[in-house]
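Single-structure report; data block below.
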Amino acid sequence: MKKNRLYTMMAAAVLLTASCSDDLEKGGNGVDIPSTNGDRVYMTVNISTASTGSSTKANGEEGDGYLEELTGSKEAHVDDLNIFLVEYTSTDVTAYGTDYLKATNATAFQQKEIAGYGFKSGINQTANGGTEPNHDKVTVALLESVTPTEKQYLVYAIVNHGSAITTIPDADNDGKTTLADLLAYDYNSAVVSGSGAIADTNYSKFIMSTHKMTGQSGSSIVSISEDNKDESNPAVTTIYVERLAARIDLNVAAGLLNDDGYTPTSTTATNQGSFKLTRFIPINLYTGSSYMFKQVSPVVDSWDQALPAANTDYGTTDPYKYLGDEVWSPTSTVANKTGQYNYVLDPKITDKVITDGTPAITTYTNQFVSSFSPTTNAWYAASVLSSNTYTDGSTTFTPIVYTKENTLDLENQVNGYTTGMIFEVQFTPGENLTVSQYNVTDDKVDVVDYSSDDYTGNGTFLTAGHLTSDGSIQKVLYADVQTIGALAFDGLGTDKMTTQVYNGFMEGWTDNVTFDDLASLKTIVNGMKESNSVELKFKEYLQGVLATENATFATIKSNLTWSAFIESESGSSLSLTGDVTDTYIGSLYEDWGISYYKEGKSYYKYWIRHDTNENVNVMSAMEFVIVRNNVYQLVVTGVRDLGDPLPYTPGKDSPDNPDESEEVFIDVYLYVKNWVKRTNSGIIL
């Protein structure tokens with residue numbers, strides 16, 4: 001893509017708040033700025049760090065209310081500032097009045113070139129946050145020709161870019177640097193700097209940009225004239241910015257964190273015990289490009305409508321595309337779907353599709369795809385939840401991670417793209433929990449207490465369905481795979497299923513066992529259960545052996561065994577040599593429907609909600625997305641039952657879910673929009 005170059009000059013200047021070197025620019029059409037001597041003109045720019053106040057609105061732009069920045073953090077810290085000026089003439093006043101957002105989104109106004117540009121580094125200030133007009137100011141120098149005639153400019157800002165922005169892609173290929181080019185700025189770098197186990201004071205340089213043009217403390221417009229050559233009479237303007245980063249915070253019920261663990265209020269055959277959170281990992285953290293200035297789509301009139309096509313016109317009742325509000329407003333009740341809704345856009349939102357289980361976009365950290373296998377250091381130990389906490393109302397949260405905006409079309413809110421969290425939980429069986437275990441010595445399946453010395457599983461167990469005497473399929477705990485096979489003979493009378501016969505099928509036939517014909521064995525095998533895939537395939541295998549042409553017991557008895565079955569093609573993936581690996585656990589689930597809980601660990605996935613339609617079965621627009629300057633508060637209250645045997649379980653999981661002569665000094669009062677909170681509460685894993 002062709003780029004326009006904003007040629008810069010460097011000048012040392014004593015400013016209102018600091019001495020610094022400033023990059024100055026007049027125009028954006030790629031011409032050099034001549035160096036001349038002249039008078040300075042001073043200007044104050046106020047930079048806002050807050051919202052317009054708290055909100056009780058449930059959804060849309062204002063979420064569930066606002067949060068100030070973390071104490072001691074640099075979430076509202078200003079290190080440097082790039083500002084851009086676009087002249088606002090009498091013609092614009094006639095056309096747009098004081099509706100600067102309307103002007104910003106007008107095609108004709110967007111064709112104007114950037115008339116003034118300035119950069120200041122070394123600011124090192126933290127805006128106070130809170131509700132406006134709490135703020136701090138910084139001083140930047142802009143290059144602008146000053147005439148006796150007063151001129152007005154709209155002001156747009158980028159904070160903490162780290163350097164002067166000397167190039168902006170020429171989005172419309174007209175050879176100029178226009179407001180349209182600035183608004184279409186596709187930013188492809190990190191939106192926050194730092195490292196550490198959790199989101200804390202190690203993080204800084206939050207990239208921010210203008211999010212609105214007016215507020216309770218002023219507007220993003222400035223008048224400049226010769227009067228402003230006097231340092232004591234600076235021009236004044238205000239800019240309102242928001243972070244491009246989002247944050248995920250976590251609260252977990254105390255019972256899931258202490259040694260005693262959490263006990264479900266309702267028990268089943270497989271959750272009679274306690275659960276303790278051991279670690280967790282955020283997944284699908286988007287690392288691709290973001291629009292520097294927020295963009296939203298036209299509205300749709302039902303929350304189950306997809307993203308409007310790119311060529312859809314913005315109507316008179318639509319929010320503006322650039323710096324417009326999110327809309328999530330049901331007509332009456334959420335359940336009826338109708339209302340006004342729109343999408344926040346990111347540069348790749350229409351490209352985030354899944355084809356044959358493969359995501360087209362892979363710029364994610366810990367992306368939830370078939371190869372998902374996070375390293376140990378990618379997980380967060382549950383112990384981090386005791387540090388760097390804050391209290392919101394009566395709930396204590398730990399900030400976990402900062403991430404980029406990640407928006408998705410309705411149909412592509414899927415596991416391979418949606419930002420979420422995986423929790424690893426350790427299950428400790430209770431005293432009354434029993435496990436089915438094949439007993440080699442007794443040649444039968446015993447139901448043993450998990451906590452007893454009779455249980456030989458060493459903390460590991462499996463679950464699969466089993467047909468009970470009342471005709472229902474229930475999930476049963478097994479000590480090992482062989483036990484599942486052995487229970488296929490459950491319910492056969494002892495007159496048919498003698499100890500010797502049971503021993504023969506499961507351990508191998510002894511020399512003193514013989515049959516004159518195979519009829520009785522066929523009757524036994526035909527009576528085997530088919531509750532699960534292991535029982536079914538074991539039965540089919542034995543039936544196949546017994547159907548061998550001209551077979552006698554002597555010629556086929558070595559094949560009428562469990563060991564022969566798991567060595568055969570149909571049962572080979574049940575065979576285990578060496579340690580139990582994730583690959584083996586995965587094949588058990590994918591091929592056999594068996595959940596293998598190694599050392600009692602299971603896994604739970606949670607997909608983060610932005611706006612909810614209060615319907616757990618139907619997705620809605622902007623429901624499972626991440627939007628800039630939002631804090632997603634996850635509140636985990638308990639566990640229902642055992643989770644998945646792996647973080648990613650095959651067969652279940654899939655990605656498819658200024659010149660010294662003409663310097664204009666600007667004191668900028670910067671208002672950074674408070675974090676908008678999105679409470680994801682009452683999460684039961």
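Here, each number is a calculation from the coordinates, and none is a lab measurement. Since the structure is predicted, the reported quantities are computational estimates derived from the model, not experimental observations. Please note: Cβ atoms are built from the backbone with ideal geometry, for glycine as well, and neighbour counts cover all protein chains shown.
Local charge sum around V252 (other residues, Cβ-Cβ under 13 Å, Lys/Arg +1, Asp/Glu -1)? Numbers along the way, then the final one.
Numbers: positive: K276, R279; negative: D249, E424.
Net of charged neighbours comes to 0.
Just to confirm a number: summing +1 for Lys and Arg and -1 for Asp and Glu over residues other than P650 whose beta-carbon lies under 10 angstrom from that of P650, what do you get?
-3
Which net charge results for the neighbourhood of L154, defined as the other residues with beta-carbon distances under 9 angstrom from its beta-carbon, given Lys and Arg at +1 and Asp and Glu at -1? Numbers along the way, then the final one.
Numbers: positive: none; negative: E87, D92.
Charge balance in the 9 Å sphere: -2.
Under 5 Å between amide hydrogens, which residues at least 5 positions from A235 or on another chain qualify, with H placed 1.01 Å from N in the peptide plane?
It is Y42, M43, T44, by chain and number.
What FRET efficiency would be calculated for the residue pair T317, S189, taking the C-beta separation as r and a Förster radius of 22 Å, to the nearest 0.05? It would help to have the intermediate numbers written out before the result.
Values: r = 36 Å, r/R0 = 1.63.
In this case the efficiency is close to 0.05.
Give me a comma-separated list of calculated 3J(HN,Hα) values for the range 113-120, in order, Karplus coefficients 6.51, -1.76, 1.60 applied at θ = phi - 60°, integers in Hz, x for any Gly or Pro.
6, 5, 8, x, 8, x, 9, 9
Given H placed on each backbone N at 1.01 Å, which residues far from L250 in sequence or on other chains put an amide H within less than 5 Å of it?
T398, I400, L634
Let me know the Kirkwood hydrodynamic radius for the range 525-572, please, with Cα pairs as the basis and the value in Å to one decimal. Walk me through the intermediate numbers first.
On the way: mean 1/r = 0.0911 Å⁻¹.
In the range 525-572 this quantity evaluates to 11.0 Å.
What does the extension gain come out to for D351 and E431, with contour length at 0.36 nm per residue minus their alpha carbon separation?
Net length gain for the segment: 23.6 nm.
Over its Cα atoms, what ratio of radius of gyration to 2.2 N^0.38 Å does the range 434-592 give?
Numbers: Rg = 15.6 Å, N = 159, 2.2 N^0.38 = 15.1 Å.
Normalised Rg, Cα atoms only: 1.04.
Across the range 628-642, in residue order, what do the Karplus-derived ³J(HN,Hα) couplings come to in whole Hz, using 6.51 cos²θ - 1.76 cosθ + 1.60 with θ = phi - 60° and x for Gly and Pro?
With the stated coefficients, the range 628-642 comes to 3, 6, 10, 9, 9, 8, 9, 10, 9, 9, x, 10, 8, 6, 4 Hz.
Could you list which residues have their amide H under 5 Å from that of V445, counting only those 5 or more apart in sequence or on another chain, with H placed in the peptide plane?
For V445, whose amide H was placed from the backbone, the distant partners under 5 Å are N439.
For Q305 and T278, compute 0.36 nm times the residue count separating them, minus their Cα-Cα distance, and round to one decimal in nm. Write out the running numbers ahead of the final one.
Numbers: separation 27, 0.36 × 27 = 9.72 nm, distance 3.94 nm.
That works out to 5.8 nm of additional length.
Exceeding 24 Å between C-alpha atoms, which entries from my cross-link table qualify? They are K348/K652; K404/K605; K176/K294; K112/K321; K205/K352. Walk me through the numbers on the way to the answer.
Details: K348/K652 27 Å; K404/K605 20 Å; K176/K294 22 Å; K112/K321 18 Å; K205/K352 28 Å.
Long pairs (Cα-Cα over 24 Å): K348/K652; K205/K352.
May I ask for the distance between the Cα centers of the range 555-572 and the range 319-377, given as a whole number of Å?
50
With the cut-off at 1.5 for a/c, could you classify the range 160-223 from its C-alpha gyration tensor as rounded, prolate or oblate? Before the final figure, lay out the partial values.
Details: a/c = 2.95, a/b = 1.39, b/c = 2.12.
Oblate, since a/c reaches 1.5 and b/c is not below a/b.
Which whole-Hz ³J(HN,Hα) couplings does the range 243-257 yield from phi under the Karplus relation 6.51 cos²θ - 1.76 cosθ + 1.60, θ = phi - 60°, glycine and proline marked x?
6, 7, 7, 10, 9, 10, 10, 9, 10, 10, 3, 4, x, 7, 10
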